[in-house]
Ligand SMILES: NC(=O)c1ccc[n+]([C@@H]2O[C@H](COP(=O)([O-])OP(=O)(O)OC[C@H]3O[C@@H](n4cnc5c(N)ncnc54)[C@H](O)[C@@H]3O)[C@@H](O)[C@H]2O)c1
């Protein structure tokens, strides 16, 4: 039987562990998995684009576990009462192909994206950052704020969104977090002035330029989360030109990240190489660093394994017969049909090999399903 986790189960896990612990454990797992990069069978995600948005499948495996995520990106959805990003995922054992877990990943994507942002910022931002601008105050934004506060010590958030109601929601949601101050600004330029880290997490199916070169100050770390699809960017190309740029999986990021705007030989460094100390991260306090995040399947692999372990330990979720479990694994038909005695004599004769007459109605007629 496959374990099914829904959003309520994820909420229970977060309530039991506490948000700081969940984010910290996820970040630790993601970092550990990035450091065993060569053990994974990796590929860029499979994307189906339309004028409305994108639907993607994100598979990955090591020699023990296989996972995939189904995820969409439809910036217009919120105007129709649906999230921009919705997701679910599957974890299966490689030795048999048996699906162990099917889980919601909408909330979990927000958790793992924020955790990944912190893993990158720990390696790339100046030590002890205190302030972060948060441009785009939608579904992902509070998770980013909480992860940077709890795991990296950020105490001041400068928020900006073209939708004032989104910023007001962010302020309400973070009001009770001790030691975290949120101030709302009237423009991106005002919000980013003087901060250590800039997180851009906007949604617009467009070559947007949320950050332009004159807004970028020496030593800033830019955590660019929202440019994650062909034709959907957040950074002016000159911001990239004057920065050291880090990506998750280069073949995917060249297609989907802000670096899609740059020539194919524009230098980027894969994050795992910095985490594994094979490449330098930040070289000096004045350098501008960019984490051009698009979301990579490995982060969901880490999250699904985390949920699998946590749910079993806490008895969360319910078992469902997602795949058939016939008593005789070679008798799949017997698993869904009555015992042989109940089979009609004409069917029995057909089974015995008597030539069948051509039927006037070759397909069974039925009412609509
Ligand atoms: N890199 C990753 O791993 C990853 C993971 C999840 C989501 N994302 C991306 O992050 C983005 C945000 O996702 P979400 O779920 O929070 O979406 P959302 O629709 O809930 O929120 C996006 C917010 O951006 C605001 N916005 C749009 N244009 C803006 C602009 N020019 N200036 C300021 N604010 C602006 C919108 O008003 C909205 O409040 C999406 O583009 C999504 O695809 C990336």
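The values are calculated or read from the model by the stated rules, or taken from the named source; none is laboratory data. Being a predicted model, the structure only gives us computed values, none of them experimental. Here the Cβ is made from the backbone with ideal geometry for all residues, glycine too, and neighbour counts use every protein chain on show.
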Checklist entry - Can you name the residue in region 84-102 that is within 16 Å of the ligand (Cβ to nearest atom) and part of a strand (DSSP E or B) and, of all such residues, is surrounded by the most Cβ atoms within 10 Å (Cβ to Cβ)? => result 89
Checklist outcome for this item: Of 317, 281, 231, the only residue that is away from the ligand (no atom under 16 Å from the Cβ) and at positive phi is 317
Item to check | Number of positions in region 15-60 that are outside any helix (DSSP H, G or I), out of contact with any strand residue (DSSP E or B) (no Cβ under 6 Å at 6 or more places or on another chain) and farther than 23 Å from residue 94 by Cβ | outcome: 5
Next on the checklist: Looking at region 316-336, I want the residues that are free of Cβ contacts under 8 Å to residues at least 40 places away in the same chain and have a partner that is surrounded by 10 or more Cβ atoms within 10 Å (Cβ to Cβ) and part of a loop (DSSP other than H, G, I, E, B) with Cβ atoms under 6 Å, at least 6 apart or on another chain. Which pairs are those?
Outcome noted: 332/326; 335/326
Checklist entry - Which residue pairs have Cβ atoms under 9 Å apart, sit 6 or more places apart or on different chains, and have a first residue in region 75-86 that is in contact (Cβ under 8 Å) with a residue 60 or more places away in the chain and farther than 15 Å from residue 56 by Cβ and a second that is within 7 Å of the ligand (Cβ to nearest atom) and part of a helix (DSSP H, G or I)? => result 78/166
Checklist entry - Quick check, is residue 210 within 16 Å of the ligand (Cβ to nearest atom), in contact with a strand residue (DSSP E or B) (Cβ under 6 Å, 6 or more places away or on another chain) and touching a residue at least 12 places away in the same chain (Cβ under 8 Å)? => result yes
Checklist entry - Is one or more of the residues making up region 109-119 in a strand (DSSP E or B), more than 11 Å from the ligand (Cβ to nearest atom) and touching a residue at least 60 places away in the same chain (Cβ under 8 Å)? => result no
Checklist entry - Is it fair to say residue 125 is crowded, with 19+ Cβ neighbours inside 10 Å, farther than 25 Å from residue 106 by Cβ and in contact (Cβ under 8 Å) with a residue 24 or more places away in the chain? => result yes
Checklist outcome for this item: Reported set for region 269-294 where residues are out of contact with any helix residue (DSSP H, G or I) (no Cβ under 6 Å at 6 or more places or on another chain) and assigned to a loop (DSSP other than H, G, I, E, B) is 277, 278, 280, 283, 284, 285, 286, 287, 288, 293
Checklist entry - How many of the residues in region 157-186 are over 18 Å from residue 19 (Cα atoms) and within 13 Å of the ligand (Cβ to nearest atom)? => result 15
Checklist entry - Any residue in region 211-219 that is surrounded by 24 or more Cβ atoms within 10 Å (Cβ to Cβ) and modelled with pLDDT of 95 or more? => result yes
Next on the checklist: Please go through (1) more than 18 Å from residue 123 (Cβ to Cβ); (2) within 16 Å of the ligand (Cβ to nearest atom) for residue 249 and return the number of the only condition it doesn't satisfy.
Outcome noted: (1)
